[in-house]
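The values are calculated or read from the model by the stated rules, or taken from the named source; none is laboratory data. Please read these numbers as outputs of a predicted model, since none were measured by experiment. Every residue, glycine among them, receives a Cβ derived from its backbone with ideal geometry; neighbour counts consider all protein chains shown.
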Amino acid sequence: MQVIIADSAQEVARLGADQLSRLLRTTPEAVLGLATGNTPIALYEELIRRYRQGELSFARAQSFNLDEYVGLAPEHPQSYRYFMNRYLFSQIDIPLARTWVPDGMADPASAGEVYESLIEAAGGIDLQVLGIGRNGHIGFNEPSSSLGSRTRIKTLAPQTLADNSRFFAVDEFQPSLAITMGIGTILRSRKALLLATGDAKADAVHAMVEGPVTASCPASALQLHPCAVVIVDRAAGARLQHGEYYQRVRQQTDQLSSRD
């Protein structure tokens with residue numbers, strides 16, 4: 001696991017965009033794994049900026065999102081399909097027909113296998129973007145999730161429901177189920193890129209990077225990934241015990257990026 005501590009949330013987005021930019025330049029037909037949430041928004045804004053400046057094209061790429069709420073139609077303002085269309089897809093040149101988000105209205109008994117088949121038919125995911133929940137979840141793989149799990153329906157933990165409640169009106173239906181790529185699905189990506197910002201994520205980042213591999217912190221499974229990059233700001237990395245080492249890694253990464 002390569003850990004990079006950035007000076008700010010803005011730099012987290014820039015360094016994350018560097019990772020995707022390098023992939024798209026070398027592999028224009030890349031299969032991208034994407035995520036929703038506040039941290040990815042900054043990443044997507046940076047990618048959109050680079051696209052508008054002619055530095056990037058997504059025309060030959062395709063994408064698969066991590067998860068979706070069960071019971072929300074794609075046009076629902078709180079659905080992750082709506083989120084992706086609003087914050088990324090509508091502002092770049094990726095063909096919408098080549099963007100996949102789990103179907104929250106599909107038959108729960110078969111939705112997971114259908115999604116796994118789509119990923120397999122695409123040749124697998126080249127780079128999977130991830131965030132991390134305060135309880136260590138990635139995607140909607142809550143604590144106790146199997147480290148070998150595949151795309152499936154999950155019941156959301158109370159902490160996740162509480163964290164996400166700010167997106168729903170008081171009297172609005174908030175789903176308690178989601179369809180999510182499994183941890184095993186994420187580990188099969190060729191590269192994993194996890195971004196985290198803010199002091200609320202510090203405990204989870206510490207458990208993920210320096211704790212044991214355990215289902216109690218699903219993100220710790222990334223220690224098993226052959227090519228995982230974790231980029232955090234100083235607040236999210238505040239509890240890491242080997243911060244000086246990670247800073248040296250960051251300096252080496254900056255040197256490599258300057259050669260691009």
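Scanning segment 10-19 for residues that are buried (at least 24 other Cβ atoms within 10 Å of the Cβ) and either acidic (Asp, Glu) or closer than 14 Å to residue 190 by Cα (or both) yields no hits at all. Of the residues making up segment 77-86, those that are in contact (Cβ under 8 Å) with a residue 24 or more places away in the chain, buried (at least 17 other Cβ atoms within 10 Å of the Cβ) and not hydrophobic (A, V, I, L, M, F, W, C) are 79, 80. Restricting the search to strands (runs of 3 or more DSSP E) fully inside segment 65-178 and requiring at least 3 residues that are touching a Leu at 6+ places or on another chain (Cβ under 9 Å) gives 127-130, 152-155. Against the criterion of being within 18 Å of the chain's Cα centre (by Cα) and either under 18 Å from residue 20 (Cα atoms) or part of a loop (DSSP other than H, G, I, E, B) (or both), residue 193 qualifies.
Determine, yes or no, whether residue 99 is surrounded by 14 or more Cβ atoms within 10 Å (Cβ to Cβ) and modelled with pLDDT under 95. Spelling it out, it is not the case that residue 99 is surrounded by 14 or more Cβ atoms within 10 Å (Cβ to Cβ) and modelled with pLDDT under 95. In this entry, residue 186 passes the filter for residues that are within 17 Å of the chain's Cα centre (by Cα), assigned to a helix (DSSP H, G or I), in contact (Cβ under 8 Å) with a residue 40 or more places away in the chain and surrounded by 22 or more Cβ atoms within 10 Å (Cβ to Cβ). Residues in segment 25-46 that are among the hydrophobic types (A, V, I, L, M, F, W, C), in a helix (DSSP H, G or I) and surrounded by fewer than 23 Cβ atoms within 10 Å (Cβ to Cβ): 41, 42.
Within segment 52-73, the set of residues being surrounded by fewer than 19 Cβ atoms within 10 Å (Cβ to Cβ) and hydroxyl-bearing (Ser, Thr, Tyr) comprises 57 only. Condition check for residue 202 on (1) modelled with pLDDT under 95; (2) in a helix (DSSP H, G or I); (3) buried (at least 18 other Cβ atoms within 10 Å of the Cβ): one failure, at (1). Answer yes if at least one residue in segment 115-127 is free of Cβ contacts under 8 Å to residues at least 60 places away in the same chain, under 19 Å from residue 71 (Cβ atoms) and more than 18 Å from the chain's Cα centre (by Cα), and no otherwise. There is no residue in segment 115-127 that is free of Cβ contacts under 8 Å to residues at least 60 places away in the same chain, under 19 Å from residue 71 (Cβ atoms) and more than 18 Å from the chain's Cα centre (by Cα). The C-beta contact set for segment 52-66 (first residue on the phi < 0 side of the Ramachandran plot and touching a residue at least 60 places away in the same chain (Cβ under 8 Å), second residue among the β-branched types (Val, Ile, Thr) and crowded, with 19+ Cβ neighbours inside 10 Å, distance under 6 angstrom, 6+ apart or interchain) comprises 62/31; 64/119. One residue stands out among those in segment 153-183 that are among the small types (Gly, Ala, Ser) and closer than 19 Å to residue 119 by Cα: the one that is nearest to the chain's Cα centre (by Cα), which is 182. Taking residue 125 as the residue in question, decide whether it is over 21 Å from residue 45 (Cα atoms), in contact with a helix residue (DSSP H, G or I) (Cβ under 7 Å, 6 or more places away or on another chain) and buried (at least 17 other Cβ atoms within 10 Å of the Cβ). Answer is yes for this residue.
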